[in-house]
Amino acid sequence: MEATCFRAWLRIDAEAVPLNKESRASSGVGWIKVSQESVEAEVSWLIPGVSEKNPVIGMHIHQGNKSTNGPILVGFCGQDPLPPFSGSCPSKVVATNYVVPGAACDVTGSGSPCAKSDGTATIQEAAQALFSSPDPRNAFYLNVHTHYSFEETDKMALGLIRGQLRTVTCW
């Protein structure tokens, strides 16, 4: 099986996340490339509020439609209080063509943010879920979180900007 690719336009989503001053001014685009063995993201964003005190603390593919705040399927980057996955996200106002490999969300426990919270998730399972979805636009979204957005949603980690995955031709 060859790769399958997706695009997500990252912007505010008032149906799922309360609007705030940072989300209104932020935007981006994510390109996701999925093979049987990997999920990779290439993302560019403009998030005017990013600073040392307000870093980007996570980027993930979640399960869910436009009005859902769903569990994490694939994590790309993060830092406390969110899982680190491949390490810290770039904390830049403007990130251009940031490429990062995805990891299966394998955080365990009752407070796990993962789609599969028993710690046995694999990137191959996550890739298969993305491959086999008959309607990824209504099943998965890419989400970027900042410290500010985390605090603004009472530490519920709803994110800052997000976009549903849409199937596109691979590059």
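Read-outs throughout are calculated quantities, based only on the coordinates presented, and are distinct from any laboratory measurement. It should be emphasised that the depicted structure is a prediction, and the values quoted were computed from it without experimental measurement. No Cβ is skipped: glycine too gets one built from the backbone with ideal geometry, and neighbour counts run over all protein chains shown.
In the stretch 4-168, taking the dipole from charged Cβ atoms about the Cα centre, the farthest positive-side position among 81, 96, 123 is held by 96. Each Lys and Arg Cβ is given +1 and each Asp and Glu Cβ -1; about its Cα centre, the stretch 4-168 then shows a dipole of about 480 debye.
Listed as lacking a disulfide-compatible partner in the chain: no cysteine, by the criterion of no other cysteine Cβ under 4.7 Å.
Largest first, the extents of the alpha carbon coordinates of the chain on the three principal axes equal 42, 37, 29 Å.
Packing, taken as the mean count of other beta carbons within 10 Å per residue, orders the peptides 28-35, 77-84 from highest to lowest as 28-35, 77-84.
The angle between the Cα long axis of helix 123-132 and the longest principal axis of the Cα atoms of the chain comes to about 80 degrees, rounded to the nearest 10. When the GluC sites (Glu not before Pro) in the stretch 9-99 are filtered for DSSP coil states and for at most 10 other beta-carbon atoms within 10 Å of their beta-carbon, the remaining sites are 15, 37, 52. Using C-alpha pairs under 8 Å with a sequence gap of at least 6, the mean separation divided by the residue count of the chain gives a relative contact order of 29 percent.
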